Amino acid sequence: MGARSSSTIQAMTAVGFLLLFYAGALGVAGVLLALPYLLYTTHRFHALLTVLCLAGSGALVWSLWPRFERFVPPGLRLTEAEHPRLFAAIRDVAGRMGTRMPDAVYLVEDVNAYVLQVGGVLGLGGQRVLCVGLGLMAVDDLSQWRAAVAHEFGHFQGGDTRLVGLLCATRSAMIRTLGGWRFFSWVPETFLRLTQALSRRQELVADTWSVRLAGKRAHLSGLRWEALHARAWRRYLAREVLPLASRGVVPDNLFEGYRRYLASADWAEGLREWDVTCEPASCPYDSHPSLEERIAFAERLEAPDVPPDERPAYTLLSDAEALERRFTARLWPRAVEFIPWSEAGEHWRALWNETASRVQARVPDFSLARVAALVKDAGAWEPFAEAIQPRLVGYRAPDRAERVREVVASSVSAYLASILSAHGLAWRTSPGEPLRLDCAGEPVEPVALVDGLLAGTLGADTLERLRERLAVDADAAWRVPESARAEALEPRAPVTVERTGGAVVVRAPFSRLGLPECCALCGGERARHVETRFHVGGMLRDDGDVTLPVPVCQAHAHQPHKAFKVRHYEEESDLITLEVPTWEYARLIQRSNA
């Protein structure tokens, strides 16, 4: 009862603030309309003032006018004819909660579920949409899945989706109306604090429905499980899929691979690293309570025990494997080829061979004998890493040492593995597991071996014994095909630097250009990137703008416009000409794109 009354008070306060804003803005528009008439009747007609007042009043009314956004389907629309078990389960949850079915159900890729109210005006009217993540169904059991759906339907029950539409429309109107007036920035900020506090309270009310329908065990385990999987899914894509996608190949069923990933060493390592309950407390601008707050709230609720249903949630889908393959193809529409997981190892081998070629081409005297010398000499890591990955040139962030070590570890692991595989060892891999080489039935893990050498937990004699056992020459080097050598030595972006009339000018292909990871104005440690837009006349683009993410330090965060001046851009050739502050920074751009 206390939660409901608190939500009511917050909603009333937000709506009152909303009405006050609209009344004030419309009042100003009315004054602007009336002012020319009053001047005309009491003094004389002023043409310029009349035009300005009419324009200002029109701009205010336009900014307040509700916008109609076209609904873009977030995923694959599901039908009851195709998936009767899924819709029966959704209907069961809706019936037990006393709410009506959603008008449409979409399948999205996330480890998540959410609801939308689309169409209508200011959150009124429109259709209910339920979005269910295929990633969520891949990992939840039926009890956890019902808890997630009950939580989302709780937003429908409380009218949250209608209220959110109204509040979002008002926030947008405030930003359009007051965005250019720094003095009035407190108005949208105050409204955001009020409405986000309401959103956090609505999340807890929706959690009450989840506990009531699915039980406390399913709700709590689902919260923890889904928080873990939201991280793990991103980690899985970054480590297991994106490197292959860069070669134009994607495994044909990402979700099968993810289920296999959950039995891997990488998943076990992630579980040790992540403590999902140790999140920062909610700040006033968060739309959701922290996981810790939600768990504590649910623990306090009185709810009957509900027997768990541990069947996998994806069994609700008809022919789940075919749907997962179809959805994988939707996620990567530009993939050149879809491959079974059994063929992924061969493509990983090719990736590692490309890295070995890059190492050999950029550090020509490198060999198997130098592996041991490099890992023992930490002072040699930086020049080696910068040769392999020029983006590290000028990188001064606190994690520089960590980034350098990562480049050394990945490059040396690939180099070592490629040489050993060339001497008869076979490749073995699976999602989440390190690439292994098989030596007469005995596994050799290059990544673990190099990590041990870098950390000092393994001695150089470990590598020497392996080399002798495999009869590999101590000075063995990787043989680089000429085509691979040319590709490895090709700069990320060819950059030319010159002085023109006292200015320092840089020319490079815009789409390939990467800026150094340090402040563009002082060369200091980068705090963040600030997107700066430059208007360039004669461009083929409709808006005539170029956007550059400029790296700046905290002191220069509001001055990125001083870092670059765009002199010219040709869209056809993609060549951009920039004027930069100093010769030193221009040379740094050139080196970091080498």
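Read the figures in this text as sums done on the coordinates, not as results from a lab. Predicted model, so just to flag it, every value in this text is computed and none were measured. Cβ sites come from the backbone with ideal geometry, for glycine too, and all protein chains shown count toward neighbours.
Computed quantities for the displayed model
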read-out	value
Distant-in-sequence amide H partners of ARG396 (H built 1.01 Å from N, under 5 Å)	ARG526
Whole-Hz couplings from phi, Karplus 6.51/-1.76/1.60, listed for segment 381-391; x for Gly and Pro	5, 4, x, 5, 5, 5, 5, 7, 10, x, 4
Karplus (6.51, -1.76, 1.60) ³J(HN,Hα), θ = phi - 60°, over segment 236-248, in Hz, Gly and Pro reported as x	4, 4, 5, 8, 9, 10, 4, x, 6, 4, 5, 9, x
Between segment 204-224 and segment 483-538, the Cα center-to-center distance that results, in Å	51
Contour minus Cα-Cα distance for GLU321 and THR582 (0.36 nm per residue)	88.3 nm
Highest average packing first - 574-587, 512-525, Cβ atoms within 10 Å	512-525, 574-587
Rounded to whole Hz, the Karplus (6.51, -1.76, 1.60) HN-Hα couplings of segment 455-466, x for glycine and proline	7, x, 7, 10, x, 4, 5, 4, 5, 5, 5, 5
Separation of the GLU572 and ASP473 label points, Cα + 7 Å toward Cβ, nm	5.3
Length added when fully stretched, ARG85-GLU310, from 0.36 nm per residue minus Cα-Cα	79.4 nm
Ranked by how many other beta carbons lie within 10 Å on average, peptides 78-86, 448-456 from highest	448-456, 78-86
Segment 491-592 - convex hull of the alpha-carbon atoms, volume per residue in Å³	95
Segment 341-487: relative contact order in percent, alpha carbon pairs under 8 Å with at least 6 residues between	34
Other-chain or far-sequence residues with amide H under 5 Å of GLU571's (modelled H)	LEU540
Among 141-152, 499-510, 102-113, the order from most to least packed when residues are scored by Cβ within 10 Å on average	141-152, 102-113, 499-510
Directionally averaged projected area (convex hull, Cα atoms, segment 341-487), nm²	9.4
Residues ASP377, ASP365, sorted so that the one with the fewest Cβ neighbours within 10 Å comes first	ASP365, ASP377
